[in-house]
Every structure is written in structure tokens, then in C-alpha cells.
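Have a look at the structure below, then the notes.
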Amino acid sequence: MQALELADYRAAVARIYLTATDLADFRAQRDKLFANHPQSPIPRGTAFEGINYFPPTDEFIADVDLRDAPGEIEINTDGPDGVVRYTRAGILDTPWGELSLWWLAAYGGGLFLPVRDTTCGPESYGGGRYLTDTVKGTHGRGVEMLSPTRVRLDFNYLYNPSCAYDDQWLCPLAPPENRLAVPVRAGELKYH
């Protein structure tokens, strides 16, 4: 049953995020999951040689303030999920510009941080990348809560949404307020 396979895939993602010993181990485990799991976003029958990344860098790791800023956004996925609603958990004051950290306004909720920067299109996925989407099990790597008002961001963990690999997937993309006017050369590169 596909639903149980998907639940298993999300559990595997969470295990990687919670148990990888370092960034290299994280990336190796992710490649293995993408290559072997039936719910991988990589189209079946595709020769998969691994995910491409920018080299690891400390340049895009920062502890930043999270300030309260109410707000809501609706993102139309144009798919079975329809319009997905998020409430703003706060605004992150990063060295590269402000980013809104979102909370999924649905059963169970979850943090969501989509980011689009000037590498999106030429070097990385054009629609933007995610730093976290805890609904999918991405806990504690790209976005780590240090306190209710302080967050560690590690852009080495930026990753492409599933729609970057195959058109069968529909994904919420970075809203205009989460677009940085600088290149973030960290994390995952374009797949194709």
C-alpha cells in the first residue's frame, strides 16, 4: 500500500535527520534512501548517481533572532492538497535578509522554511529549496530551535522539494517574502 510506503519513507527521512553523525554521513544516507526506497522522488527506472551539492561551508551557518510577526499565507499546490495554509511563526533576521518561518495550519502542524535565492534557476532548483519541512521529518538540522527567540540556521541542509525531481509531485514553493537577493551557495544543487 502506497500510504504505508510513504509513512515508512518519512520515518526514514526523520531517522537520517536525527542520527546522521555529520553532513557527509547525512548526504550519504540521503543518497542511499533516494536510490533504494519505493517512495523516492526519483522517477523509477532512472539511473540515479547521487544528489549534487555545493561544497560544505561555514559561510551559511548562523544563529539568528526570531521575532514575533503575525501573518498567514495560502499556497495553492494545484494538486490534491489544494490550498495549504500557514501561519507565520516569526521572522528570522538572517545576515542574508529576512525570512518568514511558517507553521502549517493543519492537523499536527509543522515548521516550514522555504527559501529562494539568486542561485535558484541557474544553479539550484528554480522554485526554491527547503531548509525544513517538519511534516516530512526534517527535524533539527537546517533549522534548530535554540530558544523561543533564537534559531540556528545551517543552509548546508537546503534541499530540493520533491517536484524538483519529477513532475508528478506538486510542492508549495517559496513565497515572495522568502526570496533572498543574494546567492546562497550551500545545500543541494539542481537535480537535472
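Observations on the model:
- Surface composition of segment 1-108: carbon plus sulfur atoms hold 51% of the accessible area, using a 1.4 angstrom probe and ignoring ligands, DNA and RNA.
- Using R0 = 30 Å, the C-beta based FRET efficiency linking Arg152 and Arg10 works out to 0.80.
- Calculated FRET value between Ala62 and Gln2, using beta carbons and R₀ = 35 Å, to 0.05: 0.35
- Cysteines having no other Cys beta carbon under 4.7 Å from their own, within the chain: Cys120
- For the chain, averaging the sequence separation of C-alpha pairs within contact (under 8 Å, six or more residues apart) and dividing by the residue count gives a relative contact order of 25 percent.
- HN-Hα J in Hz across segment 94-108 - Karplus 6.51, -1.76, 1.60, θ = phi - 60°, x for Gly and Pro: 8, x, 9, x, 6, 9, 8, 9, 10, 10, 5, 8, 9, 3, x
- For segment 1-147, the calculated P(r), taken from all Cα-Cα distances in 10 Å bins from zero up to the bin holding the longest distance, is 9, 34, 40, 16, 1 percent.
- Within the listed set Pro161, Pro114, Pro148, the Gaussian network model of the chain (springs between alpha-carbon atoms below 10 Å) gives the highest mean-square fluctuation for Pro148.
The values are calculated or read from the model by the stated rules, or taken from the named source; none is laboratory data. Owing to the predicted nature of the structure, the values given are computational and were not obtained by experimental measurement. Positions of Cβ are generated from backbone atoms using ideal geometry, with glycine treated the same way; all protein chains shown enter the neighbour counts. Just so you know, the surface numbers come from the protein's heavy atoms only, side chains and all, with ligands and any DNA or RNA stripped out. Shrake-Rupley method; radii C 1.70, N 1.55, O 1.52, S 1.80 Å.
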